[in-house]
Ligand code: PXL
């Protein structure tokens, strides 16, 4: 039976992130994607003068329809949310449509120590409620700090990273079985750290650092993890494959001197 994922993210027309990344990646990994857009944007929020249509007021009707159709989802994968009310809606979705579904929460809130422009402190605060009921969470370092109300460290290059391990355990104590923190830059490489709560074990994946700021890499990472987990791949292997794939895409994008992340020519490399 083909696996089915309910993907709850925004649809940004330009800039490659969220659904425009999740749909092709999860599809290549053989699962059916049912997109539930949280908002429609002309371009992602990092691009000046973006236009946003917030779909908060309509989402409940979509959810009622899926509920009525009695659709089974093998995974529910949430990302960018447009309002704090959407946290309540995703919680409702988990309880109404998520029977036996793997719940993956990418707590999209910010990057490089800054909150995204549409995110409010209230929305960030409420994101903790979603994290509590997720199976897998994939924050970057900024989001890890926001979720725990800790200050984002200015430069971690030369510090020990043991505090990140502690923070990850705190997140796991809130609920999730698997926590993975992405994009930890240490000198000339980037580390992704995974934590498996049941085994109480950590692992690290290191990839070379590519000097470029690019949107959508975190969305790509979480989408690859989602697709592989649905194939029955272990959490550690899914994380390793995702980190390596993202690295390849960022390196390719830099080589092509492009401003939006390029992953399309590399999608076939996901087929293992
Ligand atoms: O990549 C995270 C993301 C998702 N969706 C929207 C964004 C961003 C980051 O900027 O703006 C709309």
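Computed from the coordinates by the stated procedures, all read-outs in this text should not be read as laboratory data. Keep in mind the model is a prediction, meaning the values are calculated, not measured. Cβ coordinates were reconstructed from backbone atoms using ideal geometry, including for glycine residues, and neighbour counts include every protein chain displayed.
Okay, here's what the table says:
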{"quantity": "Pair list, Cβ under 9 Å, 6 or more apart: the stretch 194-219 residue without any contact (Cβ under 8 Å) to a residue 12 or more places away in the chain, other residue surrounded by fewer than 16 Cβ atoms within 10 Å (Cβ to Cβ)", "calculated": "200/169"}
{"quantity": "Strands (runs of 3 or more DSSP E) (entirely within the stretch 132-223) containing at least 3 residues that are surrounded by fewer than 18 Cβ atoms within 10 Å (Cβ to Cβ)", "calculated": "201-208"}
